[in-house]
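As structure tokens, the structure follows; a few thoughts come after it.
Please treat every number below as a calculation from the coordinates, not as lab data. These numbers come from a predicted model, not from an experiment. Every residue, glycine among them, receives a Cβ derived from its backbone with ideal geometry; neighbour counts consider all protein chains shown.
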Amino acid sequence: MNRRPRWRRLARRTLLLLLGSALLALVAERALDWVWPYPLTRLRALELSTVVHAADGTWLRVVPTAAGERALPLEWQDAPPLLRAAILAAEDERFLAHGGVDWAAILRAGVSNLQAGRIVSGASTLTMQVVRIVEPRPRTFFAKFVEVLRARQLERTLDKEAIASVWLQQVPLGGTLRGFAAAARYWFGRPVEELAAHEIAALLAMVPAPSLRSPLRRPALLRERRDALLLRMAELGSLTVDEATTARRQPLGMRVHAWPWLAPQLADLAVAELRGQRPAVCATAADLGLEERLRSVLRSADLPGDGVAVVVLDRERGVVQALVGGLEERAPLDASRRRRCVGSTLKPFLYALARDCGACSEEGLIEDVPLAVGDWQPSNFHRGHAGTMQAADALATSNNIAAVRYLQRVGEIAFRDLLVGLGLPPVAAGHDMTAILGTGAASPLELARAWQRFVAVPQQVGLSRASVDWTLRALQRLPMRRGQRGGGMAWKSGTSSGRRDAWCVGIDDTHVVVLWLGNLDGRGNSDLVGARTAADWLGRLAAVL
């Protein structure tokens, strides 16, 4: 009886053992996915910065993440081919082929680490680096074992492009920088798509020790690493020898570029209105040229107080085109969102409501004679009385007695409901009468948005287009003190009690403009008169719209 040679039996048993072990490992891996799944929720929770854009695409602000870092979106398929080639050359040549772990590199690193008695070489693939970004751990042998398991899990969960995209966006590149898109803007002042070979290599040379190889602290070490990477790219065919030689002759050319800080109050508003959401892009209607013209006018002479706010809205769309909450670039208080007594700026809303209710007509008359409402005796700003006058004239001259009479006719509740419908803060019960004379409070932004709704979508608050148009024509009767453009601007001023606030609202064919002047601490000033000071300044601003 012939027996197989002993070595063949041994080889067969070894092969079966290996196959069995491989099958057992495969089953164990699948079981691991069930009992200890990869934390995809943590990976998806990695934040990116929000970039606030002006109407023309100019960056106004790059909003840090909750951790105070800046990270910008950059997908692997959208990255420049040279950057992708450089990453593979520097970090993981076999990334597209392995299953999350480069076993040959692991073996070489393991020998080196055992000889040194500590971790001196990690052999980390891009996938393993993503694992470490999502779940940071101390650099130990056990942590490396966990990284291997997690990397295999991640490769079974996401495709290569998704994994590489996370790495591109989240790899630490020093300080509060995450990812190559943010680092390119910070160190070179340009998008990553515009970087040359030596600049791409310089950013990659900072990985994985951006502090150690900082261009500000150790530029010589960084350049040495950059030049080595350029040679490696030439060896792999990503660059020609001549291209690599030319790139190595280039200086680092890295310096800090400040993050954009334009239209500060408008950008702050855009971020606040995201309400905690973190989109990659926050588009605004900001017109940087318009805002700069407005600021230039306001800086041209002394204002009657230390506070100023200007809000310019697109008349039809209601979007904010310019917002000035203070003349300082980083004003500690944004006056455009601070509530103040609005003076007589609400009267046109009442007149439109009165016309729709049949309480007044275009040619109707109203009595401006002394009036008592209980113990309250309202008076006009000029303290006199005009007698019988047309409703449109009463509105244009901001007659207080006439406004109170119309409020009595339409009812306080109807007026209060209209103000709420226009988006203004509700008036406390019992104060509806005095609100029409200026005791109601709103911010310049709230008032501008209320006026935009009034002129653009009156039907949404139960007003007719005819009544609104009538009030606008009445508000064009008096010329502005200066700067009025052809065709006229409808305008309404307001002055609060004690001359603490001076307001003027202007409406032309394309804009709604609200101007507030005052002192931030609420002090009064004899020059704070809406029909005089605020109207004068609004006329100047209207000339540059």
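Here are the numbers:
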| read-out | value |
| --- | --- |
| Ser443, Ser379 arranged by Cβ crowding within 10 Å, fewest neighbours leading | Ser379, Ser443 |
| Mean separation of Cα contacts under 8 Å, 6 or more apart, over the residue count of the chain: relative contact order % | 13 percent |
| Fewest-first sequence of Lys160, Lys492 by Cβ atoms within 10 Å of each Cβ | Lys160, Lys492 |
| Lys, Arg +1 and Asp, Glu -1 on Cβ, resulting dipole of the chain about Cα centre, debye, nearest 20 | 3100 debye |
| Taking Glu243, Glu316 and counting other C-beta atoms within 10 Å, the order from fewest to most | Glu316, Glu243 |
| Alpha-carbon Rg/Rh ratio, for segment 312-542, with Rh computed the Kirkwood way | 0.94 |
| Interchain or long-range residues, amide H under 5 Å from Ser124's placed H | none |
| Value of [θ]222 nm, deg cm²/dmol, for the chain, DSSP H segments ≥ 4, -39500 (n - 2.57) each, nearest 500 | -13000 deg cm²/dmol |
| Check: segment 312-542 dipole with +1 on Lys, Arg Cβ and -1 on Asp, Glu Cβ, in debye | 380 debye |
| Sorted peptide list for 338-347, 228-237, criterion being average Cβ within 10 angstrom, highest first | 338-347, 228-237 |
| Lysines with Cα under 28 Å of Lys144, excluding same-chain neighbours fewer than 8 positions away | Lys160 |
| Shape of segment 433-545, Cα gyration tensor, a/c cut at 1.5 | oblate |
| Global form of segment 392-474, assessed from the alpha-carbon gyration tensor, a/c cut-off 1.5 | rounded |
| Derived scalar couplings ³J(HN,Hα) [segment 211-218; Karplus, 6.51 cos²θ - 1.76 cosθ + 1.60; whole Hz; x for Gly, Pro] | 6, 5, 10, 5, x, 8, 9, 9 |
| Dipole of segment 213-255 [Lys/Arg +1, Asp/Glu -1 at C-beta], most positive-end residue of Pro215, Leu239, Leu229 | Pro215 |
| Kirkwood Rh in Å, taken over the chain so that all alpha-carbon pairs contribute | 28.6 Å |
| Debye, to nearest 20: dipole size of segment 27-72, +1 on Lys, Arg Cβ, -1 on Asp, Glu Cβ | 60 debye |
| Dipole-positive endmost among Gly494, Gly325, Leu447 within segment 312-542 (Cβ charges, Cα centre) | Gly325 |
| Amide H contacts of Leu520 (H built 1.01 Å from N, under 5 Å, at least 5 apart or other chain) | Asp306, Gly307 |
| Positive dipole terminus of the chain, leading residue within Leu269, Ser464, Gln129 (C-beta point charges) | Gln129 |
| Counting DSSP beta bridges with both ends in the chain, the antiparallel % (nearest 5) | 90 percent |
| Phi to ³J(HN,Hα) by Karplus 6.51 cos²θ - 1.76 cosθ + 1.60 over segment 62-70, Hz, x for Gly, Pro | 10, 7, x, 6, 4, 7, x, 9, 10 |
| Local electrostatic count at Glu135 - Lys and Arg +1, Asp and Glu -1, tallied over other residues with Cβ under 12 Å | +3 |
